1. Could you check the range 56-80 and list, in sequence order, the residues that are under 16 Å from LEU11 (Cα atoms) and either touching a strand residue (DSSP E or B) at 6+ places or on another chain (Cβ under 6 Å) or not β-branched (Val, Ile, Thr) (or both)?
2. What number goes with the only condition from (1) closer than 29 Å to ASN83 by Cβ; (2) of a type in the set (Ser, Thr, Tyr); (3) part of a helix (DSSP H, G or I) that TYR150 does not pass?
3. Conditions: (1) at pLDDT 95 or above; (2) small (Gly, Ala, Ser); (3) surrounded by 14 or more Cβ atoms within 10 Å (Cβ to Cβ). ALA107 meets all but one. Number of the miss?
4. Out of ALA10, ALA35, I need the residue that is in a helix (DSSP H, G or I) and surrounded by 18 or more Cβ atoms within 10 Å (Cβ to Cβ). Which one?
5. Please state which one of LEU30, LEU2 is in a loop (DSSP other than H, G, I, E, B) and in contact with a Ser or Thr (Cβ under 6 Å, 6 or more places away or on another chain).
6. Out of (1) of a type in the set (Asp, Glu); (2) touching a His at 6+ places or on another chain (Cβ under 9 Å); (3) assigned to a loop (DSSP other than H, G, I, E, B), what's the single condition that is false for GLU121?
7. Can you say whether ALA91 is buried (at least 18 other Cβ atoms within 10 Å of the Cβ), not in a loop (DSSP other than H, G, I, E, B) and not aromatic (Phe, Trp, Tyr), as far as the supplied structure shows?
8. What are the pairs with Cβ atoms under 6 angstrom where one residue, in the range 143-172, is in contact (Cβ under 8 Å) with a residue 24 or more places away in the chain and the other, located anywhere, is of a type in the set (Ser, Thr, Tyr)? Sequence gap at least six, or different chains.
Amino acid sequence: MLFAHDTEVALAGTAALINTLPEIDGSDQLGDLDALDRFVQEWGWTGSRTNDARELREVQALRHELLELWLEPDDEQVVGRLNHLLREAGALPQLVRHDEWDWHLHATDASAPLAVRMAVETAMAFVDLVRTGELGRREVCGADACDGVYIDLSRNRSRRYCSVTCGNRMAVAAYRARKATS
């Protein structure tokens with residue numbers, strides 16, 4: 001494990017949230033409240049929910065901001081964006097323990113809006129990336145026609161695709177190309 005468990009989950013969850021953008025695969029995977037409910041459940045987001053159109057719009061809008069953060073090549077700009085996110089949310093890191101999670105950091109109250117909690121969790125996870133010099137672990141899928149993002153948590157930084165599906169698709173394409181030339 002490179003980072004604390006909550007950091008790794010937050011980074012993977014951020015990539016998953018970004019990958020719900022319609023620009024990534026052609027359809028908005030967070031197009032309605034039911035989709036948001038499934039996403040929140042799948043990624044284990046805790047705290048209060050309003051379950052209304054405003055909450056959905058706020059989370060949908062956050063995805064673009066997080067994509068810009070993910071793709072930002074300049075470390076100083078990343079830090080500026082992180083500090084902005086934390087400042088805007090009035091983040092106050094604290095150790096908490098709940099559900100099946102042992103001690104970990106939360107930087108917002110459980111009653112904060114979902115999009116704010118998501119932004120702050122991302123910012124706190126990115127703080128760990130910055131402090132350890134590991135911003136290079138943010139990646140964009142290497143598959144043809146895929147702009148999905150992922151966090152490479154492998155020891156040797158060998159991951160190349162955002163999903164098994166993309167990896168399999170590229171392996172099949174490479175196999176077919178080899179067969180066509182033999």
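The values are calculated or read from the model by the stated rules, or taken from the named source; none is laboratory data. The structure displayed is predicted, hence computed values, not measured ones. As a convention, Cβ positions derive from the backbone with ideal geometry for all residues, glycine included, and neighbour counts pool all protein chains shown.
1. Passing the criteria: LEU62, ARG63, HIS64, GLU65, LEU66, LEU67, GLU68, LEU69, TRP70, LEU71, GLU72.
2. Among (1) closer than 29 Å to ASN83 by Cβ; (2) of a type in the set (Ser, Thr, Tyr); (3) part of a helix (DSSP H, G or I), TYR150 violates only (3).
3. Of the numbered conditions (1) at pLDDT 95 or above; (2) small (Gly, Ala, Ser); (3) surrounded by 14 or more Cβ atoms within 10 Å (Cβ to Cβ), the odd one out for ALA107 is (1).
4. Working: ALA35 fails: surrounded by 18 or more Cβ atoms within 10 Å (Cβ to Cβ).
On inspection, the qualifying residue turns out to be ALA10.
5. Working: LEU2 fails: in contact with a Ser or Thr (Cβ under 6 Å, 6 or more places away or on another chain).
Unique residue meeting the criteria: LEU30.
6. For GLU121, the exception is condition (3).
7. On the way: buried (at least 18 other Cβ atoms within 10 Å of the Cβ): yes; not in a loop (DSSP other than H, G, I, E, B): no; not aromatic (Phe, Trp, Tyr): yes.
No; evaluated as a whole, the condition is false for this residue.
8. Close Cβ pairs (under 6 Å, with a partner that is of a type in the set (Ser, Thr, Tyr)) amount to ALA143/TYR161; CYS162/TYR150; GLY167/TYR161.
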